[in-house]
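Step one of this worksheet: look at the structure below.
Quick note: the coordinates plus some simple rules give every number you see, no bench work behind them. Given the structure is predicted, the values throughout are model-derived calculations rather than measurements. Quick reminder, even Gly has a Cβ in these numbers, built from the backbone with ideal geometry, and neighbours come from all protein chains shown.
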Amino acid sequence: MARPNSDWTRDEHILAFNLYCKIPFGTIHVNNPRIIQLAKLLGRSVGAVSYKLANFSRLDPTQRARGIRGMPHGAKGEEEVWNEFNSNPESLAFESQRLFAKLSGRRLEDVAEIDENELPKEGLERERLVRLRVNQHFFRAVVLASYGFRCCVTGIDAPQLLVAGHIIPWATDATQRMNPRNGLCLNALHDKAFDRGIMVIADDFTVHFADSLRSTSTGYAENLNWLLKYEGQKITLPKKFAPNLELLAKHRRLCQQKEAFSG
């Protein structure tokens, strides 16, 4: 049943936030198939859903820094959902995925593209793994969409080669696991270099590699040069959820305890 003029419920705000996170900012318009789909599921106009997604930008620090502020007097429900995500991202991310699965008549495992062979048949362990996989799927979707599905170092846009890497690893700080500002969209090779602590990103967003990397590889200079040619270049910043400078600094400090960087 269409409800174009009724107030938005908490669940509807969560669903709108979910989609805001998972599509590139430049694709928030009435012709986007995913916005059309959500509008149909909610029984609202496409314009209303598009407007709602765009208005979340007023709460996004990255958008404000770009001078994009949405409507100055948005709904209270937008602020409540945004603040809830900031305070408990794992819980809200999972709830948003669960709500979408229910609304679209699909299994949560299917929405999160979980391989059933990786799960126990039933029980608490299955529930734990489903929650973990659902949130990992959400994090990847948000980070890749924020960067426009391109590696922030090289510009590679082949999804099969892209990784939603954590600045501070998943296992190191539970409070940052679902924070999209703790994420970088990288190709698999540069992600491995970053994860291994031989690539860092400076406060000016330039890329730097460990000095040891230049002396440990022999016979594959051409491949190594492709990796290292981005030394000193700036990453492409996302239009949503820009990387947190404090987290990048923490990553550098951890790396510099083991490696030397001349950049």
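General observations
- Cα-based radius of gyration of the range 150-256 once divided by 2.2 N^0.38 Å, which approximates compact folds: 1.03
- Between helix 76-87 and the chain: long-axis angle, C-alpha atoms, 0 to 90°, nearest 10: 30 degrees
- Based on Cα contacts under 8 Å between residues 6+ apart, the range 10-144 shows a relative contact order of 24 percent.
- For the range 1-112, a crude dipole built from +1 on the beta carbon of Lys and Arg and -1 on the beta carbon of Asp and Glu, taken about the Cα centre, is about 380 debye to the nearest 20.
- Rounded to two decimals, the Cα-based Rg/Rh of the chain, with Kirkwood Rh, is 1.01.
- Stokes-Einstein D for the range 163-218, Kirkwood Rh over Cα pairs, 10 °C, 1.306 mPa s (µm²/s): 130 µm²/s
- Environment charge of Ile14, counting only residues whose C-beta is closer than 9 Å and scoring Lys/Arg +1, Asp/Glu -1: -3
- In order along the range 11-17, the Karplus-derived 3J(HN,Hα) couplings, from 6.51 cos²θ - 1.76 cosθ + 1.60 at θ = phi - 60°, round to 4, 5, 5, 5, 5, 5, 5 Hz, and Gly and Pro are given as x.
- Under 11 Å, Cβ to Cβ, from Phe241 - net charge with Lys/Arg +1 and Asp/Glu -1: +2
- Phi to ³J(HN,Hα) by Karplus 6.51 cos²θ - 1.76 cosθ + 1.60 over the range 171-182, Hz, x for Gly, Pro: 7, 7, 9, 5, 6, 10, 4, 10, 6, x, 7, 9
- Applying the Karplus relation 6.51 cos²θ - 1.76 cosθ + 1.60 with θ = phi - 60° to the range 193-205 yields 3J(HN,Hα) values of 5, 5, 5, 7, x, 10, 9, 10, 10, 7, 4, 8, 6 Hz, where x marks Gly and Pro.
- Approximate shape of the range 1-135 as ellipsoid semi-axes (Cα gyration tensor, √5λ), whole Å, largest first: 28, 18, 13
- Cross-link pairs exceeding 22 Å between alpha carbons, from the set Lys22/Lys121; Lys40/Lys102; Lys76/Lys102; Lys22/Lys192; Lys192/Lys258: Lys22/Lys121; Lys76/Lys102; Lys22/Lys192.
- Database remark: amide H of Asp211 closer than 5 angstrom to the amide H of Ala260, Phe261, Ser262 (H placed geometrically; neighbours at sequence offset of 5 or more, or on other chains; Pro and chain starts carry no H).
- Using C-alpha pairs under 8 Å with a sequence gap of at least 6, the mean separation divided by the residue count of the chain gives a relative contact order of 17 percent.
- The GluC sites (Glu not before Pro) found in the range 54-139 that occupy coil by DSSP, while having at most 16 further C-beta atoms within 10 Å, are Glu113, Glu122.
- Rough spin-label spacing in nm, given labels placed 7 Å along Cα→Cβ, for Leu103 and Glu122: 3.1 nm
- A run of the chain free of exposed loop cleavage sites, with trypsin sites (Lys or Arg not before Pro) counted only in DSSP states other than H, G, I, E and B and at most 13 other beta carbons within 10 Å, reaches its longest extent at 1-105.
- Difference of contour (0.36 nm per residue) and Cα-Cα distance, Trp226 to Asn31: 66.3 nm
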